[in-house]
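A short worksheet on the structure shown next.
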Amino acid sequence: MTFDFDRIVRTLADHDVDYVLVGGMAAVAHGSTLPTEDVDITPSREPDNLDRLAAALDELGARIRTAGEPGGVDFPCTGAFLLAVPMMLNLTTEAGDVDLTIRASGFDEGFDDLSPRAPAIDVGGGVIVRVAALDDVIASKRAAGRTKDQAALPYLEALADEIARGH
């Protein structure tokens, strides 16, 4: 399967899903050149929004990603199911992997914590996406404590410093 970021964000936009882009693609939107192979989003938990998200995921052919099933596992792709997800749901879709990060590491309220500081960025083709502030991406990676996140921190912190200096 080919990773198709444009198709994922276009589908979310077509369904009017309210979310904040987080993780590696958020860092890329701020200028990072670190590689990433998925899209991480923190959606608004409003029931109508989760219904729209479910419709977008259904259109993308979403299935739960698991090591035992390379093509993923079917799940009830409904807003009610998504509302019951407490922290994270890792999905595979026809356009690549999508991780629903309900509560990004370091942000107990998820969307409500991140959205006030998330700039709207044109990610191409006229698709406007709210992207977690780079400082929030850094804080979340620091809080997650995973090896790959720790390895990215010096680069992301240098990028934040460069942006702050206006370069």
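The values are calculated or read from the model by the stated rules, or taken from the named source; none is laboratory data. Small disclaimer: the values here were computed from a predicted structure and weren't measured. Cβ: placed from backbone, ideal geometry, glycine included. Neighbour counts: every protein chain shown. Accessible surface areas use protein heavy atoms only, side chains included; no ligands, DNA or RNA. Shrake-Rupley method; radii C 1.70, N 1.55, O 1.52, S 1.80 Å.
Report, by residue number, each residue of the stretch 51-75 that is in contact (Cβ under 8 Å) with a residue 24 or more places away in the chain, in contact with a strand residue (DSSP E or B) (Cβ under 8 Å, 6 or more places away or on another chain) and not in a strand (DSSP E or B).
53, 57, 60, 61, 62 - these are the residues of the stretch 51-75 that are in contact (Cβ under 8 Å) with a residue 24 or more places away in the chain, in contact with a strand residue (DSSP E or B) (Cβ under 8 Å, 6 or more places away or on another chain) and not in a strand (DSSP E or B).
Would you check which residues across the stretch 120-132 are under 12 Å from residue 22 (Cα atoms) and open to solvent by 30 Å² or more (accessible area, probe 1.4 Å) and list them?
130 - this is the single residue of the stretch 120-132 that is under 12 Å from residue 22 (Cα atoms) and open to solvent by 30 Å² or more (accessible area, probe 1.4 Å).
Name the single residue that is surrounded by the fewest Cβ atoms within 10 Å (Cβ to Cβ) among those in the stretch 1-33 being part of a loop (DSSP other than H, G, I, E, B) and among the hydrophobic types (A, V, I, L, M, F, W, C).
Ranking the candidates gives 1 first.
For residue 97, state whether it is out of contact with any Ser or Thr (no Cβ under 9 Å at 6 or more places or on another chain) and either more than 18 Å from residue 14 (Cβ to Cβ) or among the hydrophobic types (A, V, I, L, M, F, W, C) (or both).
It is true that residue 97 is out of contact with any Ser or Thr (no Cβ under 9 Å at 6 or more places or on another chain) and either more than 18 Å from residue 14 (Cβ to Cβ) or among the hydrophobic types (A, V, I, L, M, F, W, C) (or both).
Could you please find all residues in the stretch 67-117 being more than 22 Å from residue 51 (Cβ to Cβ), open to solvent by 20 Å² or more (accessible area, probe 1.4 Å) and touching a Lys or Arg at 6+ places or on another chain (Cβ under 9 Å)?
The answer is 69, 71, 97, 105, 106, 113.
Could you count how many residues in the stretch 34-50 are under 19 Å from residue 116 (Cβ atoms), buried (at least 18 other Cβ atoms within 10 Å of the Cβ) and without any contact (Cβ under 8 Å) to a residue 60 or more places away in the chain?
Residues meeting the conditions: 1.
Specify the residue that is nearest to residue 11 (Cα to Cα); the eligible residues are those in the stretch 23-77 that are at pLDDT 95 or above and polar (S, T, N, Q).
Selected residue: 49.
I'd like the residue in the stretch 86-104 that is among the small types (Gly, Ala, Ser) and over 12 Å from the mean Cα position of the chain (by Cα) and, out of all such residues, is nearest to residue 134 (Cα to Cα).
96
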